[in-house]
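The structure appears right after this line, and notes come after that.
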Amino acid sequence: MGLRLTGIRDLVESILLKVRGPARYTGGELGEVKKDHASVEVLFALAFPDVYEVGMSNIGIKILYHTLNRRDDTAAERVFAPAADMEDAMREAQLPLYALESFVPVQSFDIIGFSLAYELTYTNVLNMLDLAGIPLKSSERNESHPLIIAGGHCTVNPEPMAEFIDAFAIGDGEEVVHKIVHVYKEHKTDRHKLLLALASIEGVYVPSLYEKSDGGLAPIDDKVPAKVRRTVVKDFESVDYPDRMIVPFVETIHDRVALEIMRGCTRTCRFCQAGMITRPVREKSIGKIKEQAAALIAATGYDEIGLMSLSSADYTGIEQLVHDLIAKYESERIGVSLPSIRADAGCVRFAAEIQKVRKSGLTFAPEAGTQRLRDVINKNVTEADLLEAVETALECGWRKIKLYFMIGLPTETDEDVSAIAGLVYKVLDLARTKRRPLSINVGVSSFVPKPFTPFQWRAQDRIEELKRKIEILRSRLRHRSVSISWHDTTMSELEAVFANGGRELGPVILKAWEMGSKFDGWDDRFDYERWQEAFNGCGVDADSIAHSRKSYDAPLPWEHIDCGVTTKWLMAQDKLAEQTKSLPDCRFGVCLNCGIKEFLGSSDGCGVYSSENEAAPDVYSEQSEEKTEQTRVWFRLTYSKGPNLRYLSHLDLVRVFERAVRRANMPVSYSEGFNPRPRMSFYTQLSVGTTGEAEPMTIELAKRIDPVELVGALNSALPDGLSIKSAVEVDGRKSPSIQGSEYLIGVMGTHNTIDMDAAIGTLLSSESLVIARKKEQGFKQVDIRPGIESIELLNEHSINGCTGVIRARLTSGRPSEIVDALKESIPSIEMRSAHRVKVY
């Protein structure tokens, strides 16, 4: 594509005002790492095949970004899948896929590492490679192209993407990524030697070095291992973890400090792939977690600490940890959250303690409606457990809960499906008996057999059967206090095909992408018929892949991958499921001999890497219940918003200020209610794409401080592009009277002074100027002429290289609407920038 960096930036600037969420594509966030490319040996692009909001919530991306950028020889940058409108604009402008930190085309990077967390993102990988100008197939790349690698849970069956990925990193990535960088540096000038060297690294699978054999796949070189063992970080206490994280400007799926407190799970839910492929359980100590929490809260300004793991309530010292975190951060209105809790009364009471700071919903996952089926899947939750947990939740004040179930589970009958409704009604009856209002959100997903689970040989129910079961459930759950939602069954089928298929799926993925498949995990983008056409066109029987029961002696596409649990043990678990026999968590009982002990060369089993944590206190501190009368001091501030933050929405801007207040350790006052927020008022809003010179706002503090100190503290915590200009103490939070705004509007296009003056004159002479203003749904007709006080062309004045600058004084309306009105006379004119000089 051969574009210079300045050319790429100009192209990006030219299209961002045409797309939704432009701040996704600009980078520049707090915590971003920028390195001089000339000072490093390896450029590593961390690629997530979904939109920014999803990718920036992925904890693996955060860890690898930190780990790689700690190396002096490596610069790691980020790239995400552009949404449909941005992709269209990029293709039209011939703008290549670029990295957020440097705006350098990812085609120029040395290594591109994709995170494969979900099977339905596979076509997005191809689309990103195509946008980057990189050959899609590994066989078509040479030394001039980046090395394409992939990691994540989907890589335990890498074969559907084997045609497109040069090497897969299977297992924990923190340590193996350093070996990959080292090998790349040593062999980057010889692709064949590079791939051979990568294959010698434990945990790295190079698909081009394996070919089909009677037993599945076999290496074509005796230097290549017959089985690829996943990597396991054993010293989880000391493993590298970020002490700072990028703080997105836009709202992401999970806006919080993410602390991984434990890795692995041994509850042995027989449908759960994550619990099988992440063994053994490894914990961090309470002291280490608190140390990391303090560093990340100070660096980010987030108002929530998420304690992340597959089963956080099982962390040995969870109550002590949460008690300590709440005691330290409650006064700052920083809450603690768990991604899931067990369905037992003790766990609910514990969750109620967490609610003291920041309220959240309550979710239980019984998974099945009958105890028989819960025993089949080894979900050690009884109906009595659930009802006792709900009763405790009602006593603790919850009035809304979520219940998650699965349909299509092995051995499931219609009675099992109907029992889901029966269990929901028992919960409602309990609430009625207790005379407590309760609404229930029932979520239903379809069972998908996954590799390295006891159910990997099982068939998925066909779409028609899954839909029939959903109808059974819907017909029995007609109640005003119950809402039900379910996952698209056609998506679940495609997920099952990708999870269970082999290399025959590569041509299907390519064909579907060529026909337009992208963002297949999104309801509004998924096209089942298109995929059916792709399967038929490639002669692949998707039905047999997803819906056929496999024999135990049939080779599986992932036979050459070793995740630690043995096939013999998985087989035994599947047979126990048929006998409806459940087993306890081996971490707290007898070792189940899953194979991970031998895999790691350990004699202690799955709990060998658990930390020794203190027991929880019997009583939580009561200090949080005490309320003292606070001093209330108001300051009127003015701030500027610079060009590099012009694409932030007003809500994005508010979040930036809230986090800056926390990072600055300001004694701010907080609102009451479920989710306390710093008391700040913004009297005006800047449209996306507009900068400002002296924007007014008010902040309420719980302590009087010097205005100069306030300005200095906030400016030290704000990102580049935002700056506090002045601060003055005021009497109360009374809003100033805003009469209007003055803007300087930079325009581009073919025009001259005479034509522009004439166009402005025509506009000002109009009695009305009706425009269609876009709303959330549709458009609204608005007459903006009464809000135009004056407009004039400024000769011999320039902003950012614009061909013309307009000064407009408006009591209402937006700069972009003024330019759109002028287009009636001068069609070629386009707004390039808008700067609010003052608010009066």
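Hey, can you grab everything whose amide H is under 5 Å from the amide H of residue 691? Only 5+ residues off in sequence or another chain; H modelled, so Pro and N-termini drop out.
HN-HN under 5 Å from residue 691: 834, 835, 836.
Output the 0 to 90 degree angle, nearest 10, between the alpha-carbon long axis of helix 5-15 and the longest principal axis computed from the alpha carbons of the chain.
That works out to roughly 80 degrees.
Using the 2.2 N^0.38 Å rule of thumb for compact globular proteins, work out how the stretch 214-286 stacks up: its C-alpha Rg over that value, please.
Values: Rg = 18.2 Å, N = 73, 2.2 N^0.38 = 11.2 Å.
Taking the Cα Rg and dividing by 2.2 N^0.38 Å, one obtains 1.62.
In the chain, what percentage of the DSSP-assigned beta bridges are antiparallel, given to the nearest 5? Mind showing how you got there, number by number?
Numbers: 56 of 105 bridges.
The antiparallel fraction comes to roughly 55 percent.
Between residue 591 and residue 352, what is the FRET efficiency for a Förster distance of 56 Å, r being their Cβ-Cβ separation, to the nearest 0.05? Display every interim value, and only then the final one.
Details: r = 35 Å, r/R0 = 0.62.
In this case the efficiency is close to 0.95.
Under 14 Å from the Cβ of residue 60, count the other residues' Cβ atoms, weight Lys and Arg +1, Asp and Glu -1, and hand me the total.
Numbers: positive: 62, 78, 263; negative: 50, 172, 174, 175, 240, 260.
Around residue 60, the surrounding residues sum to -3.
Expressed as a whole percentage, what fraction of the accessible surface of the chain belongs to carbon and sulfur atoms when a 1.4 Å probe is rolled over the protein heavy atoms?
On the way: 16790 of 35010 Å².
Ligands and nucleic acids excluded, carbon and sulfur give 48 percent.
For the stretch 347-462, what size does the Cα cloud have along each of its three principal axes, sorted from largest down, in whole Å?
Largest first, the stretch 347-462 extends 45, 28, 21 Å along its Cα principal axes.
Residue-wise, which Karplus ³J(HN,Hα) couplings in Hz belong to the stretch 443-448, taking 6.51 cos²θ - 1.76 cosθ + 1.60, θ = phi - 60°, and x for glycine or proline?
Running phi through 6.51 cos²θ - 1.76 cosθ + 1.60 with θ = phi - 60° gives x, 10, 10, 9, 4, 10 Hz.
Taking the chain as the reference, fit the longest principal axis to its C-alpha atoms, fit the long axis of helix 528-537 to the helix C-alpha atoms, and give the angle between the two in degrees, 0 to 90, nearest 10.
With rounding to tens, the tilt is 60 degrees.
Starting from the Kirkwood Rh over alpha-carbon pairs, what translational D in µm² s⁻¹ does the stretch 149-297 have by Stokes-Einstein at 4 °C and 1.567 mPa s?
Working: Rh = 17.7 Å.
So the translational diffusion coefficient is about 73 µm²/s.
May I ask which of 179/597; 469/774; 467/575; 641/774 have a Cα-Cα span longer than 30 Å here?
Working: 179/597 25 Å; 469/774 41 Å; 467/575 28 Å; 641/774 24 Å.
Pairs exceeding 30 Å: 469/774.
What figure, in Å² to the nearest 10, do you get for the accessible area of residue 811 with a 1.4 Å probe and non-protein molecules left out?
We get 70 Å² for residue 811.
Helix-derived [θ] at 222 nm for the chain: sum -39500 (n - 2.57) over DSSP H runs of at least 4, divide by residue count, nearest 500?
Details: 25 runs with 266 residues, N = 840.
Dividing the helical sum by the residues of the chain leaves -9500 deg cm²/dmol.
For the stretch 818-825, what does the Karplus curve 6.51 cos²θ - 1.76 cosθ + 1.60, with θ = phi - 60°, yield as ³J(HN,Hα) per residue in whole Hz, taken in order and with x for Gly and Pro?
3J(HN,Hα) across the stretch 818-825, in whole Hz: 5, 5, 4, 5, 5, 5, 4, 9.
If you average 1/r across every pair of different Cα atoms in the stretch 257-413 and take the reciprocal, what Kirkwood value do you get, in Å? It would help to have the intermediate numbers written out before the result.
Numbers: mean 1/r = 0.0598 Å⁻¹.
Hydrodynamic radius (Kirkwood, Cα pairs) of the stretch 257-413 is 16.7 Å.
Using a ≥ b ≥ c from the Cα gyration tensor of the stretch 213-343 (square roots of the eigenvalues), is it rounded, prolate or oblate, where a/c under 1.5 gives rounded and otherwise the larger of a/b and b/c decides, a/b for prolate? Could the numbers behind the result be given before it?
Values: a/c = 2.40, a/b = 1.95, b/c = 1.23.
Prolate is the answer for the stretch 213-343, as a/c is 1.5 or above and a/b outweighs b/c.
Please work out the FRET efficiency for the pair residue 395 and residue 651, using the Cβ-Cβ distance as r and a Förster radius of 60 Å; give the result to the nearest 0.05. Could you put the intermediate results ahead of the total?
Details: r = 36 Å, r/R0 = 0.60.
My answer for the efficiency is 0.95.
Can you tell me how the stretch 440-501 classifies by the Cα gyration tensor, rounded, prolate or oblate, using a/c under 1.5 as the rounded cut?
Values: a/c = 2.74, a/b = 2.29, b/c = 1.20.
Judged from the Cα gyration tensor, the stretch 440-501 comes out prolate (a/c at least 1.5, a/b above b/c).
What per residue convex hull volume, in Å³, do the alpha-carbon atoms of the stretch 47-152 yield?
105 Å³
What is the extension gain from residue 235 to residue 731, computed as 0.36 nm multiplied by their sequence separation minus the C-alpha to C-alpha distance, in nm to one decimal? Display every interim value, and only then the final one.
On the way: separation 496, 0.36 × 496 = 178.56 nm, distance 5.62 nm.
Length difference between fully extended and current span is 172.9 nm.
Subtracting the Cα-Cα distance from 0.36 nm times the residue separation, let me have the gained length for residue 527 to residue 811 in nm, one decimal. Intermediate results must be reported in sequence, preceding the final value.
Details: separation 284, 0.36 × 284 = 102.24 nm, distance 4.68 nm.
Length gained between residue 527 and residue 811: 97.6 nm.
Any idea what % of Cα-Cα pairs in the chain are farther than 34 Å? Before the final figure, lay out the partial values.
Details: 206222 of 352380 pairs.
That fraction is 59 percent.
Residue separation times 0.36 nm, minus the C-alpha to C-alpha distance between residue 479 and residue 464: what's the value?
On the way: separation 15, 0.36 × 15 = 5.40 nm, distance 2.51 nm.
Going from the current span to full extension adds 2.9 nm.
For the chain, what is the accessible area per residue in Å², given a 1.4 Å probe and the full set of protein chains? List each step's numbers first, then the result.
Working: 35010 Å² over 840 residues.
Result: 42 Å² of accessible area for each residue.
In a shell of Cβ-Cβ distance under 11 Å around residue 274, excluding residue 274 itself, what net charge do Lys and Arg (+1) and Asp and Glu (-1) give?
Working: positive: 263, 267, 279, 450; negative: none.
Neighbour charge sum, excluding residue 274 itself: +4.
Return the lysines within reach of residue 137: Cα separation strictly under 20 angstrom, same-chain partners fewer than 8 residues apart disregarded; answer none if there are no such residues.
188, 193, 212, 511, 518
Mind giving me the nanometre distance, one decimal, between the label points for residue 360 and residue 687, set 7 Å out from Cα along Cα→Cβ?
So the two model labels end up 3.8 nm from each other.
Could you give the longest part of the chain that holds none of the GluC sites (Glu not before Pro) found in DSSP loops with at most 10 neighbouring Cβ atoms within 10 Å? List each step's numbers first, then the result.
Values: sites that count: 612, 622, 626, 629, 672, 767, 776, 796.
In short, 1-611.
Evaluated at 10 °C with a viscosity of 1.306 mPa s, what Stokes-Einstein diffusion coefficient in µm²/s does the stretch 407-482 have when Rh comes from the Kirkwood expression over alpha-carbon pairs?
On the way: Rh = 14.0 Å.
Rounded, D is 114 µm²/s.
Distances over 27 Å make up what percent of all Cα-Cα pairs in the stretch 429-585?
Numbers: 5016 of 12246 pairs.
So the portion of pairs separated by more than 27 Å is 41 percent.
Taking the stretch 685-812, how much of its Cα-Cα pair set, in percent, is spaced more than 21 angstrom apart?
Working: 4852 of 8128 pairs.
When all Cα pairs of the stretch 685-812 are counted, 60 percent exceed 21 Å.
Give me a comma-separated list of calculated 3J(HN,Hα) values for the stretch 632-641, in order, Karplus coefficients 6.51, -1.76, 1.60 applied at θ = phi - 60°, integers in Hz, x for any Gly or Pro.
Running phi through 6.51 cos²θ - 1.76 cosθ + 1.60 with θ = phi - 60° gives 10, 10, 10, 10, 8, 10, 10, 9, 10, 10 Hz.
Could you name the aspartates and glutamates in cross-link range of residue 185, using Cα to Cα under 15 Å and dropping any fewer than eight places away on the same chain?
Leaving aside aspartates and glutamates fewer than 8 places away in the same chain, those within reach of residue 185 are 41, 72, 73, 110, 143.
Give the calculated FRET efficiency between residue 243 and residue 773 to the nearest 0.05, with a Förster radius of 45 Å applied to their Cβ-Cβ distance.
On the way: r = 45 Å, r/R0 = 1.01.
That gives a FRET efficiency of 0.50.
Using the 2.2 N^0.38 Å rule of thumb for compact globular proteins, work out how the stretch 141-223 stacks up: its C-alpha Rg over that value, please. Kindly include the intermediate steps, with their values, before the conclusion.
Numbers: Rg = 12.4 Å, N = 83, 2.2 N^0.38 = 11.8 Å.
Scaled against compact globular proteins, the figure is 1.05.
Tell me the label-point distance for the pair residue 10, residue 294, using the 7 Å Cα-to-Cβ offset, in nm and rounded to one decimal.
In this crude spin-label approximation the distance works out to 5.1 nm.
Would you mind estimating how fast the stretch 526-582 diffuses translationally, via Stokes-Einstein at 37 °C and 0.692 mPa s with the Kirkwood radius over Cα pairs, in µm²/s?
Working: Rh = 14.4 Å.
The Stokes-Einstein estimate is 229 µm²/s.
Using only the alpha-carbon atoms, how far is helix 414-433 inclined from the longest principal axis of the chain? Give it as 0 to 90 degrees, nearest 10.
The answer is roughly 60 degrees.
The values are calculated or read from the model by the stated rules, or taken from the named source; none is laboratory data. Note that this is a predicted model, so its numbers are computed, not measured. Quick reminder, even Gly has a Cβ in these numbers, built from the backbone with ideal geometry, and neighbours come from all protein chains shown. With ligands, DNA and RNA removed, areas are computed over all heavy atoms of the protein, side chains included. Shrake-Rupley method; radii C 1.70, N 1.55, O 1.52, S 1.80 Å.
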